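Data first, discussion second: the structure below is written as structure tokens.
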Amino acid sequence: MTNIKKFFTVAFLATLIFSLSSCKKSDSNPVTSGGGVTGTWVLANITAVTSSGTITLTADQANVHISITLKSDNSYQMTLVQNNQTTNDTGTYAISNGTITFTSQTGSQLVWSYTISGSTLTAKTTMDLTAYGFSSQTPVTLVFNKQ
């Protein structure tokens, strides 16, 4: 189980950081009201569906802590903490048809489909885990709790 945790932590971090820094820039960035998404969301657990099965880890088990603050002016601040190293990202977000698009100040984008139920935000995306022997389009679910 420890090897799975290490694998998943490294894969998740590498993909998240890669996604935030290397997505292509969009020519248009429609900004719409976030409504019920505003507030601070903290990662509770991560689930990946791989060819070997489904792996679910809490943020503590994965040693990955993510906090996203979504403001009413459609700006965001995202903080990732892993092994006492902190990475911050800021930018804007837009809500459209069940997706949230984060556009970093660098111009890179991260798009998640999402739902909110009470104080839980569930985001779905895919990650390229080919470096770890999994699919380039591995489905991942991130569950955040509102603080």
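The values are calculated or read from the model by the stated rules, or taken from the named source; none is laboratory data. On a predicted model such as this, the values are computed, not experimentally measured, just so you know. Glycine also receives a Cβ, built like all others from the backbone with ideal geometry; neighbour counts cover every protein chain displayed. SASA here: full protein model, heavy atoms, side chains in, ligands and nucleic acids out. Shrake-Rupley method; radii C 1.70, N 1.55, O 1.52, S 1.80 Å.
Would you say SER108 is modelled with pLDDT under 95, more than 16 Å from LYS71 (Cα to Cα), touching a helix residue (DSSP H, G or I) at 6+ places or on another chain (Cβ under 9 Å) and among the hydroxyl-bearing types (Ser, Thr, Tyr)? Here the answer is yes, as SER108 does meet what is asked.
Selection of region 40-73 for residues being farther than 25 Å from THR90 by Cα, crowded, with 17+ Cβ neighbours inside 10 Å and either among the β-branched types (Val, Ile, Thr) or more than 15 Å from the chain's Cα centre (by Cα) (or both) yields THR50, ILE55.
Restricting region 116-144 to residues that are open to solvent by 60 Å² or more (accessible area, probe 1.4 Å) and touching a Phe, Trp or Tyr at 6+ places or on another chain (Cβ under 8 Å), the residue that is modelled with the lowest pLDDT is TYR132. Checked against (1) more than 19 Å from VAL37 (Cβ to Cβ); (2) within 15 Å of the chain's Cα centre (by Cα); (3) in contact (Cβ under 8 Å) with a residue 40 or more places away in the chain, THR141 passes all but condition (1).
If we scan region 76-99, do we find a residue that is in contact (Cβ under 8 Å) with a residue 40 or more places away in the chain and open to solvent by 70 Å² or more (accessible area, probe 1.4 Å)? Give the derivation first.
Kept after step one, since they are in contact (Cβ under 8 Å) with a residue 40 or more places away in the chain, are these residues of region 76-99: 78, 80, 82, 87, 89, 92-96.
Then drop every residue that is not open to solvent by 70 Å² or more (accessible area, probe 1.4 Å), which leaves none.
Checked against the condition, which is being in contact (Cβ under 8 Å) with a residue 40 or more places away in the chain and open to solvent by 70 Å² or more (accessible area, probe 1.4 Å), region 76-99 yields no hits at all.
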